[in-house]
Amino acid sequence: MKIERAYTIVTSPGRNFVTLKIVTDQGVYGIGDATLNGREMAVVAYLEEHVIPMLIGRDPHRIEDIWHYLYRGAYWRRGPVTMSAIAAVDIALWDIKAKLAGMPLYQLLGGKSRERVMVYGHATGRDIEACLDEVARHVDEGYKAVRVQAGVPGIASIYGVAKKEGERYEPADSDLPAEHVWSTSKYLNHVPKLFAAVRERFGDDLHVLHDVHHRLTPIEAARLGKEVEPYNLFWLEDCVPAENQEAFGLIRQHTTTPLAVGEVFNSLFDAKTLIENQWIDYIRATLTHAGGITHVRRIADLAGLYHVRTGFHGPTDLSPVCLGAAIHFDTWVPNFGIQEYMPHTSATDDVFPHDYRFEDGHFIVGENPGHGVDIDEDLAKQYPYKRASLPVNRLEDGTLWHW
Ligand SMILES: O=C(O)C(=O)C[C@H](O)[C@H](O)CO
Ligand SMILES: [Mg+2]
């Protein structure tokens, strides 16, 4: 069997997605997600100029060899563009292999470790009261775990909070980056009050999470971790930028609040020190940005040795293809923790028909051969690409900060 054709499909049913379709000479095809939010066309160019020409004529069964060919063979290793492109190929090839085997993907990984996978949803509100109402809506919809992000008095625009009440939160909302103003002190004073209010209204059973989105220094993160300890968070996410993995050693010395990190990681080497030192509790690197199933499986296996569990990134900027494949992975992986879930628009769900389903705060994996997600190419054409950038943050004095 040979790979006969491969091509990218860029579509924007509410937001941009990049999909790779690989077609074999026997007509069986697989699809992979290659979406890198705000940098979509860089991955398209990498795939079209450099990867697709190398795939034609190869045996699609040789997933491992193709992975190393694209990784080692490029000489230039790692990085989000390269690893998203490799991931798209990898996810599409696993899709093909599972379709040829006539099995859902989780069976090829080793079968089910659980019947369903717990997800967390996103509650957001302009202030604490509006945010708590959103938490209540999630609880009513069956969620067992909710990420809680509220507006902070004195900060006009903040990560995780929709611009207008009732609107979906979509950070890549302008052609060129919007500029936000960030105040660490206002934020740090506010967050413990938010979680005190959450526990007061919802009691102890609900799992609650929070995303700092890389904005603190290690000692500030240590302070926040300590101050929210009484509210028993499921995790505190991305409390500092993680290029300096040792920073987490400092935070860990000060707090028992569980730490999650890794949505911007693209390889095992971004996480190795963090995992081996047991400085984190959850690893968030997911399939599309970290080299696909073949590579994330290695990250998860290393993590498992050190009691670190998976908590895959799952915002709307990852397509249903990534989410579908991730649910297969979650269903198999022994050290599963939780799966992030931000529902896609109905237009996105129509472009990407899928067989996973949400029920009672969990995803149930589909039983169709492959990863269970397809793309309606005619419908995809109705939603042309529109450049959209993530915002940038500046401190109140104008210094460029982490967004
Ligand atoms: O889902 C999360 O936890 C995020 O932090 C989402 C990111 O802001 C988003 O993926 C950026 O593209
Ligand atoms: Mg995050």
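The values are calculated or read from the model by the stated rules, or taken from the named source; none is laboratory data. No experiment lies behind these values; they were computed from the predicted model shown. Using ideal geometry, Cβ is built from the backbone for each residue, glycine included, and neighbour counts are taken over all protein chains shown. These area figures cover heavy atoms from the full protein model, side chains too; ligands, DNA and RNA do not enter into them. Shrake-Rupley method; radii C 1.70, N 1.55, O 1.52, S 1.80 Å.
What the range 3-104 shows is 39 Å² of accessible area per residue, with the surface traced by a 1.4 Å probe over protein heavy atoms. Helix 218-227 and the longest principal axis of the Cα set of the chain meet at an angle near 70°.
Extending 7 Å from Cα along the Cβ direction at R5 and again at K164 yields two label points whose distance is 4.2 nm. Taking 11 Å as the cut-off, the amide N atoms of the range 92-120 that come nearer than this to a point 7 Å along the Cα-to-beta-carbon line of F358 belong to 119-120. Rounded to the nearest 0.05, the FRET efficiency derived from the C-beta distance between L250 and A347 at R0 = 45 Å is 0.50. Our note on the geometry: Cα centres of the range 1-78 and the range 199-240, 38 Å apart.
Which FRET efficiency, nearest 0.05, do A101 and T399 yield, Cβ-Cβ r, R0 41 Å?
On the way: r = 54 Å, r/R0 = 1.32.
The computed FRET efficiency comes out at 0.15.
Of the residues A87, V117, V212, the one whose Cα sits farthest towards the positive end of the charge dipole of the chain is A87 (charges of +1 on Lys and Arg Cβ, -1 on Asp and Glu Cβ, taken about the Cα centre). For the chain, adding -39500 (n - 2.57) for each run of n ≥ 4 DSSP H residues and dividing by the number of residues yields -10500 deg cm²/dmol at 222 nm.
Ranking L176, G203, P343 by how far each Cα lies toward the positive end of the dipole of the range 108-367 (charges on Cβ) leaves G203 at the top.
Diagonalising the gyration tensor over the Cα atoms of the range 3-104 and scaling each eigenvalue by 5 before taking the square root yields semi-axes of 21, 17, 11 Å, largest first. Of the peptides 257-267, 130-140, 287-297, 166-176, the ranking by mean beta-carbon count within 10 Å, highest at the top, reads 287-297, 257-267, 130-140, 166-176. With everything on Cα atoms, drop me the angle between helix 80-101 and the longest principal axis of the chain, reported from 0 to 90° to the nearest 10. Orientation of helix 80-101: about 60 degrees from the principal axis.
Kirkwood radius, the chain, all distinct C-alpha pairs, inverse of mean reciprocal distance: 21.5 Å.
Kindly rank 148-155, 299-306 from highest to lowest mean number of other beta carbons found within 10 Å of each residue.
Highest mean packing first, the order is 148-155, 299-306.
Among G32, G111, G160, the largest mean-square fluctuation in a Gaussian network model of the chain (Cα springs under 10 Å) belongs to G111.
Net charge dipole, the range 39-78: roughly 200 debye, given to the nearest 20, about the Cα centre with Cβ charges of +1 for Lys and Arg and -1 for Asp and Glu.
Counting 0.36 nm for each residue step from D127 to E179 and taking away their Cα separation leaves a gain of 16.6 nm. Each part reduced to its alpha carbon centroid, the range 269-344 and the range 362-403 end up 17 Å apart. Under 16 Å of direct C-alpha separation, and excluding same-chain neighbours fewer than eight residues apart, K99 reaches these lysines: K2, K21.
Tell me, what is a quarter of the convex hull surface for the C-alpha atoms of the range 95-159, in nm² with one decimal?
6.8
Rolling a 1.4 Å probe across the protein heavy atoms gives the range 141-219 an accessible surface of 45 Å² per residue.
Using heavy atoms of the protein chains and a probe of 1.4 Å, the accessible area assigned to Y71 is about 20 Å².
Extension gain, F269 to D376: 0.36 nm times the residue separation minus the Cα-Cα distance gives 34.9 nm.
Considering only protein heavy atoms and a probe of 1.4 Å, how much of the accessible area of the chain is carbon and sulfur, as a whole percent? Of the solvent-accessible surface of the chain, carbon and sulfur hold 50 percent.
Sorted largest first, the spans of the alpha carbon positions of the range 133-272 along the three principal axes are 42, 39, 30 Å. Using the alpha-carbon atoms, what tilt in degrees (0 to 90, nearest 10) does helix 292-305 show relative to the longest principal axis of the chain? Between helix and principal axis, roughly 50 degrees.
Using the Cα centre of the chain as the reference point, and only Cβ charges (+1 on K/R, -1 on D/E), how large is the resulting charge dipole? Debye, rounded to the nearest 20.
My answer is approximately 740 debye.
Pairs of Lys residues in the range 108-367 are counted when their Cα atoms are under 23 angstrom apart and they lie 8 or more places apart or on different chains; the count is 8. Here the gap between R77 and K226, fully extended at 0.36 nm per residue and compared with their Cα-Cα distance, gives a gain of 49.8 nm. Of the beta bridges in the range 248-403, as assigned by DSSP with both residues counted there, near 45 percent are antiparallel.
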